[in-house]
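These notes are about the structure you will find just below.
The values are calculated or read from the model by the stated rules, or taken from the named source; none is laboratory data. Just so it is clear, the model here is predicted, and its values are computed rather than measured. FYI the Cβ positions are ideal-geometry reconstructions off the backbone, even for glycines, and counts take in every protein chain you see. Keep in mind that these areas ignore ligands, DNA and RNA; they rest on the heavy atoms of the full protein, side chains included. Shrake-Rupley method; radii C 1.70, N 1.55, O 1.52, S 1.80 Å.
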Amino acid sequence: KLPTRGQPQPQPRTMADNNPMMNAILKWSLQHHDGTSDSVPTEMDREKKEFLENAMKTMVEDETKTLKELVEAIKEPEDTEEQVEKKEIALEDLIDRSDRVDYAIALHSFAGGLFPTIDLLETSQHEGVRTKAAELVALAVQNNPPCQAWAFEGGALPKLLALHAKGTEKEKQKCLLALSGLISNNPPAQEAFIKADGLKVIEDDIKANVGRRLKVKAVFTCGWMMRESEPARKAALASAIPQDLALAAAEDDEEVAGLAMGALLPLVKADKACVAANLAPLSAAVKKLAGAKVAEVDEEAVAVAKELAALLA
């Protein structure tokens, strides 16, 4: 069951287990003992023990206070350029702190920062703020089931889809990254993504005249979805995605082509006819890559091309 926004949030671990600020304690310990001493460990006297306990408490409280202050900063209005700049700086700081699972959980559990970040995707009038908010969401949900659940419940999916639909290419890149992290190994979110016509987002990014980075992200995301999600495969087979992937597989960009072939493989296994309209250029591209020397191209891509060539023969 997903957490409810108006209810107390689940605490997957205790503060001591979960708190990223314990890294500061490790640093303190290493600074005061480098491991080269031959002295025999002895029981710490009361005065030293109290000093260490106070130091630990201060470190934890200071870091938690900083996180909360940063979260408060991203809630501020955007009426002036100075306010917008301060908000972007706060988001950048949170991004720097949230690139690990425990920090991302702390962002929500200790600082209450995940929902305000998600809201910025919709409410901010500034591209820089929206882009950084999407990046922070992407970091928070990556390989992080608790944050995936919280973000899904907090409305991240529709807000990311809406921003992707109207956003700049940079916003689209960050939105796609966040969407991929949100639905990865998350069946309820994958189902909602498909029902919300999320595959159309990927389809548009694959076939549109977009920048290379966005196309690579789109084809890569499509690939893992086709391999791992049967509902996604069924939905894709009923769309133009196989044809778009076939054209992408015939592009000169080797990375795009290789990723597109990898995404096509499970679709062609399910229904060879799905690429009938673009069979000629796809077959030519597949044969070319299948015959390439492994030393010149990615070994896995060659293996995929050979398997795809056999299916298309």
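For the subset of region 275-294 comprising residues that are touching a residue at least 24 places away in the same chain (Cβ under 8 Å) and surrounded by fewer than 20 Cβ atoms within 10 Å (Cβ to Cβ), which member is farthest from A235 (Cα to Cα)?
Residues of region 275-294 that are touching a residue at least 24 places away in the same chain (Cβ under 8 Å), as a first pass: 275, 277-279, 281-286, 289.
Right, trim to surrounded by fewer than 20 Cβ atoms within 10 Å (Cβ to Cβ) and you get 277-279, 281, 283-284.
Details: A277: 18, N278: 19, L279: 21, P281: 24, S283: 24, A284: 27 Å.
My answer is A284.
Which count do you get for residues in region 66-109 that are among the β-branched types (V, I, T) and closer than 21 Å to E153 by Cβ? Break it down into steps so the answer makes sense when it comes.
Filtering region 66-109 for residues among the β-branched types (V, I, T) gives 66, 71, 74, 80, 84, 89, 95, 101, 105.
After this cut, where a residue has to be closer than 21 Å to E153 by Cβ as well, the list is 71, 74, 101, 105.
Summing the residues that are among the β-branched types (V, I, T) and closer than 21 Å to E153 by Cβ in region 66-109 gives 4.
Only helices (runs of 4 or more DSSP H) wholly contained in region 102-188 count here; list those with 1 or more residues that are touching a residue at least 60 places away in the same chain (Cβ under 8 Å) and either more than 24 Å from W224 (Cβ to Cβ) or open to solvent by 10 Å² or more (accessible area, probe 1.4 Å) (or both).
Details: elements: 114-123, 127-141, 145-153, 156-166, 169-183.
Hits in region 102-188: 114-123, 145-153.
Can you tell me which residue in region 300-309 is surrounded by the most Cβ atoms within 10 Å (Cβ to Cβ), limited to those that are closer than 21 Å to I241 by Cα and of a type in the set (G, A, S)? Steps first, please.
The initial filter retains those residues of region 300-309 that are closer than 21 Å to I241 by Cα, namely 301, 304-305, 307-309.
Now narrow it down to the ones that are of a type in the set (G, A, S): 301, 305, 309.
Values: A301: 20, A305: 26, A309: 19.
Applying the filter and picking the extreme gives A305.
With respect to V297, is the statement that it is buried (at least 19 other Cβ atoms within 10 Å of the Cβ) and either among the small types (G, A, S) or touching a residue at least 40 places away in the same chain (Cβ under 8 Å) (or both) true?
Details: buried (at least 19 other Cβ atoms within 10 Å of the Cβ): no; either among the small types (G, A, S) or touching a residue at least 40 places away in the same chain (Cβ under 8 Å) (or both): yes.
No; evaluated as a whole, the condition is false for this residue.
Can you tell me which of (1) closer than 19 Å to A301 by Cβ; (2) assigned to a loop (DSSP other than H, G, I, E, B) is the one L245 doesn't meet?
(2)
What pairs come out if I take residues in region 61-82 that are of a type outside the set (D, E, K, R) and pair them with residues that are open to solvent by less than 40 Å² (accessible area, probe 1.4 Å) and not in a helix (DSSP H, G or I) whose C-beta lies under 6 Å away, six or more apart or interchain?
Note: pairs meeting the criteria are T64/F110; L67/A111; V71/A111; V71/G113.
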